[in-house]
Amino acid sequence: RSQTIMEQVLSDNLVISIDAMGGDNSPRVVIEGLVEASLKNPDVRFLLYGDESRVQPLLNKYPRLKEKCELRHSPEVVRNEDKPSQVIRNRNTSMYMAIDAVRRGEAKAIVSAGNTGALMAISKMILKTIQKIHRPAICTLIPHKHGQCVMLDLGANTECSAINLAEF
């Protein structure tokens, strides 16, 4: 049987960079989500970015997860109400540092439940886009009767031209 794309990625000991401070009820819900993710994907490792004094005690509750994580302190957080233009150059936020780990090649992907506009703006600035692509698009796998498919542009772009849609 041929390997799925996910099995191929996971077999390479995937490292994912995590904005532990992004989203509501973070970092608790982020750590709880990582517990589930690590059970389903035992070869994945995580670089966690966040307030060490808040993340470390939560991580200590899950010794198996802790073995798969490296916690890196970030002194600041991108809040949901922050405008992307306010945070785009602040290199001290958990979101910025998590994205920058991908640029540096320390991680293959970044996950954040935080401010979507800031996530897209910082990602575009640090990681750039593929040549001739003007805007990034958020995507996710959604189920259908024959398995799963990818749905693109899930909310970050409020106005898109026909060119943007074709690029997505």
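Structure data summary
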item: Relative packing of 79-88, 64-73, which averages over residues the other C-beta atoms within 10 Å, highest first; result: 64-73, 79-88
item: Dipole magnitude (debye, nearest 20) for segment 96-168, charges at Cβ of Lys, Arg, Asp, Glu; result: 200
item: Per residue value of the accessible surface for segment 78-139 (all protein chains in place, 1.4 Å probe), Å²; result: 60
item: For segment 6-122: relative contact order, % (alpha-carbon pairs under 8 angstrom, 6 or more apart); result: 35
item: Cα-based shape type of segment 54-147, given that a ≥ b ≥ c are square roots of the gyration tensor eigenvalues and the cut on a/c is 1.5; result: oblate
item: DSSP beta bridges in the chain [antiparallel fraction, %, rounded to 5]; result: 30
item: Segment 87-131: C-alpha gyration tensor shape, a/c 1.5 cut-off, then a/b vs b/c; result: rounded
item: Charge-dipole axis of segment 27-76 as Lys and Arg at +1 and Asp and Glu at -1 on Cβ define it, positive-most pick from Cys69, Val35, Leu47; result: Val35
item: Placed amide H near Leu14: partners under 5 Å, 5+ positions off or other chain; result: Arg45
item: Percent accessible area from carbon and sulfur atoms, the chain, protein chains only, probe 1.4 Å; result: 52
item: Value at 222 nm in deg cm²/dmol, rounded to 500, when DSSP H runs of n ≥ 4 in the chain each add -39,500 (n - 2.57); result: -10500 deg cm²/dmol
item: Whether the chain is rounded, prolate or oblate, judged on the alpha carbon gyration tensor where a/c under 1.5 counts as rounded; result: oblate
item: Charge dipole (debye, nearest 20) of segment 1-139; +1 at Cβ of Lys and Arg, -1 at Cβ of Asp and Glu; result: 400
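The values are calculated or read from the model by the stated rules, or taken from the named source; none is laboratory data. Being a predicted model, the structure only gives us computed values, none of them experimental. Ideal geometry is used to build each Cβ from the backbone, glycine not excepted, and the neighbour counts take in all protein chains shown. The protein model used for the area step is the full one, side chains on, heavy atoms only, and it has no ligands, DNA or RNA in it. Shrake-Rupley method; radii C 1.70, N 1.55, O 1.52, S 1.80 Å.
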